Amino acid sequence: METYIMSLDQGTTSCRCILFNRAGEIVSVAQKEFHQYYPQPGWVEHDPMEIWSTQIGVAQEAMYKVRAGYQNIAAIGITNQRETTVLWDKETGRPVYNAIVWQCRRTAVESDRLKEAGHAQAIREKTGLFIDAYFSATKIRWILDRVPEARELLAQGRLLFGTIDTWLVWNLTGGKVHATDYSNAARTMLFNINTLQWDKDILQWLEIPACILPEVVSSSGRFGVTDSSIFGGEILIGGAAGDQQAALFGQACFAPGTAKNTYGTGCFLLMNTGTTPMYSQNGLLTTIAWGIDGRVEYALEGSVFVAGAAIQWLRDEMKLLEASPDSEAAAESVCDTAGVYIVPAFTGIGAPYWNPYVRGTITGISRGAGRNHLIRAALESLAYQTCDVLSAMEEDSRVSLRALKVDGGACANNFLMQFQADMIGVAVERPPCIETTALGAAYLAGLACGYWKSKEDIIKNISVSQRFEPKMDQAVREQKRRGWRRAVKAALAWAEEEESV
Ligand code: ADP
């Protein structure tokens, strides 16, 4: 009988289910988007019940497409949008409020309060993170403060917290298992990545009761089994990891110094730094990559907020493109950007500049600059931003990459990949399956049940479908990067004016 690993990929805009075979190939896929709620500017919510029903719907659909029953699924792996926060009643399973999404800025005030109380340094040392509304901690506080039902349930010992992995595991197991994995715990800003415990000090500073927190378990192990009413029989839940960490695993970045860059809406560059957490001097986050069999490995993470979203902007707002992939031919149709640089800092700029006041700028426009130059400049901005993060990472880790592994939707763009290789001066490697996030979760689950025997077994599956070697002359590369730095400086200068008015 054929068996597969089922990967549940719960993303920010859609739920996906992919079934993988032993070769790490996709056997079946189903995907469905769900609603985004924006109750106020800067606020983002999801309906946890819709996430659950959509996720189960796509799981059933993916199984049905290949006529698989529960007996054909060796294990389930979960990967999820990180930091997004749900609180629910353990008696009824009903959420007390919508899920507050990682992008949501509503707890900026709570975050500032923590900073003003002088906790920034301690929180950085304990959690590896900068205090920010992005992480779960202040979102939990917000719900406890604003939702009376949450406080009532807490008083009755009925309130539970979870990130989306926890919410799915709890529902999949019929409410029997309340657990999260190390990588997701590390994104709550409540988990001490050194002691590997929920941090009592931070819980006290935020007045968050420990009784609502899930148990932290191995990213690859026996979470529990699905309630048999869901798939007609029990299936082992064998692994979970946050989306970016899962992609790192899916790219087999098991050795310290190996890294991957995901080109999606934003870009996320993660480097495995081995068994000791490495703290950045250049604005990168320190996070847990995964914990397996009591051994925790860490990663440095640099995020670029706007990457593929810049291409979407050209398509949806500027109407310069019909579809994102068309950007490749447009960029190739000109030999350069005619001196144009786009800094797509629509929501501020992240590592290594960290300035929330910066906005997008276009510099160097001359009379001859046209549509294709602008499109090319937007694509090049993804590569320049990645370069900046990579330089910060190499400086922090003192590791020089031998090659950059890539994934995510926009890595399909050959122009971008070649330009990226040219800018970083090392090869860019694209795998045949760019669904590395889902694949990483599948690998974690498959290792737990013996579907794959070891990491070596997984490495055998890894191949490079295309390798982009750097071709550009060093002097040209440096001249282009100098231009980019000038453009960023211009964007920063524009923000300084705003701050000083
Ligand atoms: P996410 O998981 O963040 O939703 P995906 O990995 O699905 O994102 O990638 C989608 C993003 O990549 C979109 O922002 C889209 O504009 C961009 N994109 C997709 N294909 C291409 C392409 N061929 N060239 C450039 N950008 C692309």
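Taking the range 424-457 as the range and being among the β-branched types (Val, Ile, Thr) and at pLDDT 90 or above as the test, the residues that pass are Ile424, Val426, Val428, Thr436, Thr437.
Conditions (1) farther than 23 Å from Trp43 by Cα; (2) surrounded by fewer than 23 Cβ atoms within 10 Å (Cβ to Cβ), marked per residue:
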| site | (1), (2) |
| --- | --- |
| Thr107 | no, no |
| Glu110 | no, yes |
| Lys139 | no, no |
| Ala155 | yes, yes |
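In the range 39-55, the residues that are in the same structural domain as Gln103 (by TED's automatic domain parsing) form Cβ pairs under 6 Å with partners that are of a type in the set (D, E, K, R) and not in a loop (DSSP other than H, G, I, E, B), at six or more places apart or across chains, as follows: Thr54/Lys32. Kindly indicate the residue of the range 8-41 that is under 19 Å from the mean Cα position of the chain (by Cα) and over 24 Å from Trp88 (Cβ atoms) and also farthest from the ligand (Cβ to nearest atom) among those meeting that condition. It comes out as Ile18.
Might you check whether a residue that is β-branched (Val, Ile, Thr), modelled with pLDDT of 95 or more and under 17 Å from Arg94 (Cα atoms) occurs anywhere in the range 189-207? Break it down into steps so the answer makes sense when it comes.
Our first condition is that a residue be β-branched (Val, Ile, Thr); within the range 189-207, this holds for 193, 195, 202.
Right, trim to modelled with pLDDT of 95 or more and you get 193, 195, 202.
Within this subset, residues satisfying the condition of being under 17 Å from Arg94 (Cα atoms) are none.
The answer is no, given that none of the residues of the range 189-207 is β-branched (Val, Ile, Thr), modelled with pLDDT of 95 or more and under 17 Å from Arg94 (Cα atoms).
Residues in the range 13-38 that are closer than 24 Å to Arg67 by Cβ, part of a loop (DSSP other than H, G, I, E, B) and free of Cβ contacts under 8 Å to residues at least 60 places away in the same chain: Asn21 only.
Based on this model, can you work out whether Val225 counts as surrounded by 15 or more Cβ atoms within 10 Å (Cβ to Cβ), aliphatic (A, V, I, L, M), modelled with pLDDT of 95 or more and within 27 Å of Leu19 (Cβ to Cβ)?
Numbers: surrounded by 15 or more Cβ atoms within 10 Å (Cβ to Cβ): yes; aliphatic (A, V, I, L, M): yes; modelled with pLDDT of 95 or more: yes; within 27 Å of Leu19 (Cβ to Cβ): yes.
Considered against the rule, which asks whether it is surrounded by 15 or more Cβ atoms within 10 Å (Cβ to Cβ), aliphatic (A, V, I, L, M), modelled with pLDDT of 95 or more and within 27 Å of Leu19 (Cβ to Cβ), Val225 comes out as yes.
Contact map, the range 196-222: residues that are farther than 13 Å from Ile123 by Cβ paired with residues that are modelled with pLDDT under 95 and among the β-branched types (Val, Ile, Thr), Cβ distance under 7 Å, separation 6+ or inter-chain. Pairs shown: Ser218/Ile292; Ser219/Ile292; Ser220/Ile292.
Results for (1) hydrophobic (A, V, I, L, M, F, W, C); (2) away from the ligand (no atom under 15 Å from the Cβ); (3) modelled with pLDDT of 95 or more, shown as yes or no for each residue.
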residue	(1), (2), (3)
Leu321	yes, no, yes
Asp326	no, no, yes
Ser333	no, no, yes
Val340	yes, yes, yes
Gly348	no, yes, no
Arg376	no, no, yes
Ala392	yes, yes, no
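Do we find that Asp388 is farther than 30 Å from Gly221 by Cβ, in a helix (DSSP H, G or I) and away from the ligand (no atom under 16 Å from the Cβ) in this structure? Let's see the steps before the verdict.
Details: farther than 30 Å from Gly221 by Cβ: yes; in a helix (DSSP H, G or I): yes; away from the ligand (no atom under 16 Å from the Cβ): yes.
When the stated conditions are applied, Asp388 passes them.
Within the range 254-300, how many residues are away from the ligand (no atom under 16 Å from the Cβ), buried (at least 20 other Cβ atoms within 10 Å of the Cβ) and not in a loop (DSSP other than H, G, I, E, B)? So the count comes out to 17.
When the residues of the range 301-319 are filtered to those that are free of Cβ contacts under 8 Å to residues at least 12 places away in the same chain and either acidic (Asp, Glu) or surrounded by 19 or more Cβ atoms within 10 Å (Cβ to Cβ) (or both), the one that is farthest from the ligand (Cβ to nearest atom) is Glu317.
Residues that are free of Cβ contacts under 8 Å to residues at least 60 places away in the same chain and outside any loop (DSSP other than H, G, I, E, B) were ranked within the range 343-367; the one that is surrounded by the most Cβ atoms within 10 Å (Cβ to Cβ) is Ile362.
The values are calculated or read from the model by the stated rules, or taken from the named source; none is laboratory data. Please read these numbers as outputs of a predicted model, since none were measured by experiment. Ideal geometry is used to build each Cβ from the backbone, glycine not excepted, and the neighbour counts take in all protein chains shown.
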